[in-house]
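Below: the structure, in structure tokens.
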Amino acid sequence: MPSPLTLVEKLAARFAVGADAPVRSGNFITIRPKHVMTHDNTGAVIPKFKQIGATRIHDPRQPVFAIDHDIQNKTPENLGKYAKIEKFAADNGIDFYPAGTGISHQVMVEQGYVTPGSMVVGSDSHSNLYGALACLGTPVVRTDAASLWATGVTWWQVPPVARVTLKGKLQPGVVGKDVIIALCGLFNHDEVLNHAVEFQGDGIASLSIDQRMSIANMTTEWGALVGIFPFDETLRDYLNTRADYFATARRPGTRRPGSLGSYTRDDVAQWWARRHEWAADPDATYAVNLELDLRTVIPHVSGPNDVKTMHALPEIEARRVKINKAWLMSCVNARYEDLAAAATIVKGKKVAPGVEFYLAAASAEVQDRATRDGHWGALLEAGAIELPPGCGTCIGLGLGTIKAGEVGISATNRNFEGRMGDRNGQVYLGSPAIVAASAVTGYICAPTRYTQTTARTSLARPEAAPASPSAASVIPGFPAIVKGRLWFLDRDNLNTDGIYAGKHTYNDAMTPEQMAQVIFENYDPDFLKNAKPGDIVLGGLNFGTGSSREQAATALKHFGIPCVIAASFSETYKRNAFNNGFVVFECPELVASLRQARGGTNADKKSILVGDAVIDYQKSILTMNGREFRFPPLSPVAQELVVASGAEEVVRRRLTKP
């Protein structure tokens with residue numbers, strides 16, 4: 001009798017190509033997802049696609065382009081890039097949504113590309129959002145997108161799966177954003193790092209689809225690669241509502257004949273009849289089991305400048321933290337329910353003196369509905385500053401970025417240092433209600449009083465024997481030994497904004513040399529003054545968390561850094577690194593040793609030169625200061641990607657193979 005499977009394993013098996021055995025966590029598989037989404041980064045994927053020798057899109061129904069990130073930028077260069085993307089879509093019969101349609105993830109859901117039981121990937125770290133619709137949504141990187149365009153497939157390692165059981169019902173005024181902030185803050189020791197999260201429990205029934213999207217979206221900040229909810233009556237009703245919308249044919253964008261971006265009520269009925277196929281088996285085994293009683297959750301904010309530093313509302317409200325800016329926008333919290341809640345709070349009031357309140361809907365459709373119902377007007381009458389539906393300030397682009405010395409409260413999903421503007425500004429995250437209430441009072445607060453409570457949680461892990469690193473074969477062309485000075489960047493959760501600032505991300509004209517000269521500017525501007533090519537970087541836990549930003553790996557490679565070592569990595573960062581032929585590996589013992597030896601010394605230094613390191617890839621041993629540290633051997637697949645200088649060459653060989 002086959003062993004029971006998790007929902008993630010079942011859906012991975014549905015989209016695996018050539019799998020001749022049950023798909024399990026840990027397996028490397030070839031996947032053919034239903035869709036691959038790219039946004040402004042389409043402009044960078046197109047040359048990759050051409051460089052690998054591809055002459056046509058393998059399946060034009062698979063890619064979807066939705067422009068959303070830098071839409072306030074009206075320079076000839078940016079408008080020219082957008083025009084090239086639109087022409088490429090037209091020439092190749094690809095569905096295209098221009099700037100102003102909305103944030104790509106919202107567009108993917110609204111326009112019918114995300115469906116239960118499917119697998120949809122995106123070249124963006126918040127592709128986890130698709131899990132709100134019982135879809136296996138996960139991020140890939142730009143090189144993967146090019147491979148998918150050319151061949152229809154890419155590789156994926158099925159992650160370990162965590163089960164999160166939600167019990168009870170939220171108190172009035174507590175929303176999905178409060179739930180995910182609480183989860184990030186309560187379980188902030190990498191419990192779900194690089195896992196897929198399956199949400200279960202009776203508490204799900206009371207969560208709307210908008211709230212599920214908020215929770216699934218920010219499982220990314222929690223460290224997960226997937227955040228998926230079950231297919232239930234609430235989702236069925238939502239899908240039927242969207243099916244009615246599709247039947248009216250009032251659609252934005254340009255869709256090819258035979259586009260997969262829609263469905264009917266009959267489709268929904270068929271999916272509903274098959275829902276048992278897309279549910280976890282009752283006895284499935286999980287890598288970790290977490291539980292949260294929703295009845296004990298109260299509003300929280302996180303920050304400043306750290307998603308996993310959490311404050312209960314009563315505690316931070318008592319401190320009267322004054323703000324200069326407030327933002328209601330982004331793919332986590334700018335949907336209809338969010339705007340309606342905020343409008344109810346500010347109606348008849350004015351934004352506090354000295355506060356700027358910026359507003360952008362998740363999509364034009366959301367904004368139109370909020371306008372018809374009077375919510376958009378109420379927000380503008382209160383003094384909110386309207387921005388177009390897109391990412392904008394969330395990634396530090398366009399109007400409303402934070403300045404040095406300012407404090408802001410945001411309904412976005414990330415408040416990393418320097419992400420939303422100057423690295424010397426402070427940003428807190430909260431729900432739309434908290435943002436709206438704070439905007440009209442001038443300090444961080446909620447519209448309702450809550451009593452300080454302790455959330456009821458539980459955590460359980462199956463016992464597992466630790467793996468022992470062993471020696472590995474080194475394939476021809478891969479260096480057996482690497483030597484270099486070792487720089488210790490003693491920061492856990494050093495994110496891609498700290499490694500390569502968001503303001504550079506969509507400047508496709510930057511040369512490799514220019515990219516190399518801006519590394520770590522949001523983390524440590526002095527790094528470039530002291531480091532030299534050949535130096536090695538050592539980071540803490542969850543290095544490279546945050547945006548799926550290819551340049552956070554390639555810029556280090558361009559500088560001449562031969563590898564990055566860390567206590568642990570974001571899986572998306574590792575994927576970006578190896579897909580571009582850049583070596584990364586984990587050595588937590590080395591990090592722990594240096595932290596113990598360092599104690600409280602050099603506390604003011606963000607980058608510390610700790611000695612000369614010798615890395616022996618054959619023996620999987622790093623030697624420094626006379627001491628040896630073992631690390632997991634690099635797999636043949638990883639070595640092959642490095643020798644080939646990245647996945648582009650691997651795909652090129654596949655395309656030219658007779």
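Within segment 361-408, which residues are within 27 Å of HIS504 (Cβ to Cβ) and in a helix (DSSP H, G or I)?
Passing the criteria: GLY392, THR393, CYS394, ILE395.
Could you list, in sequence order, the residues of segment 135-162 that are touching a helix residue (DSSP H, G or I) at 6+ places or on another chain (Cβ under 6 Å) and assigned to a loop (DSSP other than H, G, I, E, B)?
VAL141, VAL158, listed by residue number.
Identify the residue in segment 594-603 that is of a type outside the set (Ser, Thr, Tyr) and surrounded by fewer than 13 Cβ atoms within 10 Å (Cβ to Cβ) and, among all such residues, is modelled with the highest pLDDT.
So the residue we want is GLN596.
Given the criteria crowded, with 21+ Cβ neighbours inside 10 Å and more than 25 Å from ARG320 (Cβ to Cβ), does GLY408 qualify?
Considered against the rule, which asks whether it is crowded, with 21+ Cβ neighbours inside 10 Å and more than 25 Å from ARG320 (Cβ to Cβ), GLY408 comes out as no.
When THR554 is evaluated against the numbered criteria (1) among the polar types (S, T, N, Q); (2) touching a Lys or Arg at 6+ places or on another chain (Cβ under 9 Å); (3) at pLDDT 95 or above, which criterion, by number, is the only one it fails?
If we test THR554 against (1) among the polar types (S, T, N, Q); (2) touching a Lys or Arg at 6+ places or on another chain (Cβ under 9 Å); (3) at pLDDT 95 or above, just (2) comes out false.
When residues of segment 623-647 are filtered for being out of contact with any helix residue (DSSP H, G or I) (no Cβ under 6 Å at 6 or more places or on another chain) and either at negative phi or assigned to a helix (DSSP H, G or I) (or both), how many remain?
Of the residues in segment 623-647, 16 are out of contact with any helix residue (DSSP H, G or I) (no Cβ under 6 Å at 6 or more places or on another chain) and either at negative phi or assigned to a helix (DSSP H, G or I) (or both).
Limited to segment 24-39, what total is found for residues that are among the aliphatic types (A, V, I, L, M) and surrounded by fewer than 22 Cβ atoms within 10 Å (Cβ to Cβ)?
1
State yes or no: is PHE96 part of a helix (DSSP H, G or I), surrounded by fewer than 24 Cβ atoms within 10 Å (Cβ to Cβ) and of a type in the set (Phe, Trp, Tyr)?
Against the criterion (part of a helix (DSSP H, G or I), surrounded by fewer than 24 Cβ atoms within 10 Å (Cβ to Cβ) and of a type in the set (Phe, Trp, Tyr)), PHE96 does not qualify.
Output the strands (runs of 3 or more DSSP E) that fall wholly within segment 522-622 and possess 1 or more residues being closer than 30 Å to ASN128 by Cα and small (Gly, Ala, Ser), or say none.
In segment 522-622, the matching strands (runs of 3 or more DSSP E) lie at 536-539, 563-566.
Sort through GLY18, GLY26 and tell me the only one that's outside the structural domain of TYR506 (by TED's automatic domain parsing), assigned to a loop (DSSP other than H, G, I, E, B) and within 25 Å of SER547 (Cα to Cα).
Of GLY18, GLY26, the one residue that is outside the structural domain of TYR506 (by TED's automatic domain parsing), assigned to a loop (DSSP other than H, G, I, E, B) and within 25 Å of SER547 (Cα to Cα) is GLY26.
Matching residues to (1) touching a strand residue (DSSP E or B) at 6+ places or on another chain (Cβ under 6 Å); (2) surrounded by fewer than 19 Cβ atoms within 10 Å (Cβ to Cβ); (3) in the same structural domain as PHE569 (by TED's automatic domain parsing); (4) of a type outside the set (Lys, Arg):
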{"site": "LYS605", "(1), (2), (3), (4)": "no, yes, yes, no"}
{"site": "ILE608", "(1), (2), (3), (4)": "yes, yes, yes, yes"}
{"site": "VAL614", "(1), (2), (3), (4)": "yes, yes, yes, yes"}
{"site": "TYR617", "(1), (2), (3), (4)": "no, no, yes, yes"}
{"site": "ILE621", "(1), (2), (3), (4)": "yes, yes, yes, yes"}
{"site": "ASN625", "(1), (2), (3), (4)": "yes, yes, yes, yes"}
{"site": "SER635", "(1), (2), (3), (4)": "no, yes, yes, yes"}
{"site": "LEU641", "(1), (2), (3), (4)": "no, no, yes, yes"}
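For segment 265-360, which helices (runs of 4 or more DSSP H) that fit wholly inside it have 1 or more residues that are touching a helix residue (DSSP H, G or I) at 6+ places or on another chain (Cβ under 7 Å) and more than 27 Å from THR545 (Cα to Cα)?
265-273, 336-346
Pairs please, first residue from segment 39-61 and in a helix (DSSP H, G or I), second anywhere and among the acidic types (Asp, Glu), Cβ atoms under 9 Å, 6+ apart in sequence or on different chains.
GLY43/ASP508; ALA44/ASP508; ALA44/GLU550; PRO47/ASP508; LYS48/GLU648; GLN51/GLU648
Regarding segment 134-150, can at least one residue be identified that is buried (at least 23 other Cβ atoms within 10 Å of the Cβ), over 23 Å from ASN579 (Cα atoms) and in contact with a Ser or Thr (Cβ under 6 Å, 6 or more places away or on another chain)?
yes
I'd like to verify a number: residues in segment 5-19 that are modelled with pLDDT of 95 or more and over 25 Å from the mean Cα position of the chain (by Cα), how many?
1
Picking from LEU186, LEU170, LEU133, which residue would you name as being in contact with a strand residue (DSSP E or B) (Cβ under 6 Å, 6 or more places away or on another chain), touching a residue at least 60 places away in the same chain (Cβ under 8 Å) and more than 18 Å from GLY546 (Cα to Cα)?
Selected residue: LEU186, the only one of LEU186, LEU170, LEU133 that is in contact with a strand residue (DSSP E or B) (Cβ under 6 Å, 6 or more places away or on another chain), touching a residue at least 60 places away in the same chain (Cβ under 8 Å) and more than 18 Å from GLY546 (Cα to Cα).
Could you count how many residues in segment 188-226 are buried (at least 24 other Cβ atoms within 10 Å of the Cβ), of a type in the set (A, V, I, L, M, F, W, C) and in a helix (DSSP H, G or I)?
Qualifying residue count, segment 188-226: 4.
Please pick out the residue among GLU571, GLU513, GLU550, GLU586 that is out of contact with any Ser or Thr (no Cβ under 9 Å at 6 or more places or on another chain) and either closer than 22 Å to TRP155 by Cβ or in the same structural domain as SER330 (by TED's automatic domain parsing) (or both).
Step by step, each of GLU571, GLU513, GLU550, GLU586 is checked, and only GLU571 is out of contact with any Ser or Thr (no Cβ under 9 Å at 6 or more places or on another chain) and either closer than 22 Å to TRP155 by Cβ or in the same structural domain as SER330 (by TED's automatic domain parsing) (or both).
What's the number of the condition VAL17 fails, among (1) buried (at least 19 other Cβ atoms within 10 Å of the Cβ); (2) over 21 Å from LYS503 (Cα atoms)?
Going through the list (1) buried (at least 19 other Cβ atoms within 10 Å of the Cβ); (2) over 21 Å from LYS503 (Cα atoms), VAL17 breaks only (1).
Taking the conditions exactly as written (crowded, with 18+ Cβ neighbours inside 10 Å, under 14 Å from ASN493 (Cα atoms) and not acidic (Asp, Glu)), does PHE559 satisfy them or not?
Judged against the criteria, PHE559 is not a match.
The values are calculated or read from the model by the stated rules, or taken from the named source; none is laboratory data. All values reported here derive from a predicted model rather than from experimental measurement. All Cβ positions, even for glycine, are placed from backbone atoms using ideal geometry, and neighbour counts span all protein chains on display.
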